[in-house]
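The structure under discussion appears below in the form of structure tokens.
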Amino acid sequence: MLGACRALASAPRGILLSSSSRLQSTLVLADHNGEGKLNGATLSAVAAAKAVGGDGVACLVAGGAGCADVAKELASADGVSKVLVAESPDLKGFLPERLAPVVLAAQKQFGFTHVLAPACAVSRAALPVVAAKLDVSPISDIVGVKDADTFVRTVYAGNAVMTLKASDPVKIITVRTTSFEPVATGSGSGAEEKMEVPEVPKNSEFIGQELSKSDRPELSSASVSFCTSKAFAEGDGPNVPVVLI
């Protein structure tokens, strides 16, 4: 459970970063499309993991297919020391009840004290399951890291900033990726390691999905975004469209 919590309504917005030396290790669950394309938000989660401190960051690439290309890209990311690859037809569609056992197996095998992931549909579904199995409280949408146990997140629809200290032995965290500058790729030399996929529940099955396609980037990966207020949209001011760059 969270050991101590204190809300700092007057605290400044933005990232509060500091790394402290520690013996703990950190795992980042990679987000990808299952076809070899890494979601850039994962690189921001790696930046958050580096801020936690420790002796390098490990990444877990799990899915039904396309993991090799994603693992290769992550292995070249700054600060990544190891990439675990868990590929199996059983993980197609990233069903949370099947993905969670893989994360739990990695945490148990390597003793990770922190498990992070970009805040996305996959992590929001799978990490609460992981936290429940470990009997710890998940920490959602952090916007800053003070040390290995202390994190910053917004509350009350972003109107207040809370600093919380977690006493759980394993921290399960989702990261608001727009608050962390993504790490660079191409200069790292992380090792790739295949991971045996454990037995997963077969009480559900991924059939398929229909996704709308757009030339615009996703909100989580857009470098610049503009939006209008509700009052403007209702005619009380200029109607400024949303623009993602």
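Per-structure values
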quantity: Selection from the stretch 62-77 of residues that are modelled with pLDDT of 95 or more and part of a loop (DSSP other than H, G, I, E, B); calculated: Ser76
quantity: Residue match in the stretch 194-205 (condition: loosely packed, with under 14 Cβ neighbours inside 10 Å, touching a Leu at 6+ places or on another chain (Cβ under 9 Å) and at pLDDT 95 or above); calculated: yes
quantity: Checklist (1) assigned to a loop (DSSP other than H, G, I, E, B); (2) closer than 25 Å to Asp55 by Cβ applied to Ala157, failing item; calculated: (2)
quantity: Selected residue (criterion: modelled with the lowest pLDDT) from residues of the stretch 111-138 that are surrounded by 21 or more Cβ atoms within 10 Å (Cβ to Cβ) and of a type in the set (Val, Ile, Thr); calculated: Val122
quantity: Of the criteria (1) modelled with pLDDT of 95 or more; (2) of a type outside the set (Ser, Thr, Tyr); (3) surrounded by fewer than 22 Cβ atoms within 10 Å (Cβ to Cβ); (4) in contact with a Leu (Cβ under 8 Å, 6 or more places away or on another chain), which one Leu99 fails; calculated: (3)
quantity: Long-range neighbours under 7 Å by Cβ, at least six apart or interchain, first residue over 14 Å from Ser88 (Cα atoms) within the stretch 178-206, second part of a loop (DSSP other than H, G, I, E, B) and of a type in the set (Val, Ile, Thr); calculated: Ser179/Ile15; Phe180/Ile15
quantity: Some residue of the stretch 177-188 being modelled with pLDDT of 90 or more, touching a Lys or Arg at 6+ places or on another chain (Cβ under 8 Å) and small (Gly, Ala, Ser); calculated: no
quantity: Single residue of the stretch 1-60 satisfying the filter (at pLDDT below 90 and assigned to a strand (DSSP E or B)) that is nearest to Cys120 (Cα to Cα); calculated: Leu17
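The values are calculated or read from the model by the stated rules, or taken from the named source; none is laboratory data. Being a predicted model, the structure only gives us computed values, none of them experimental. Neighbour counts run over all protein chains shown; Cβ positions are idealised from the backbone, glycine included.
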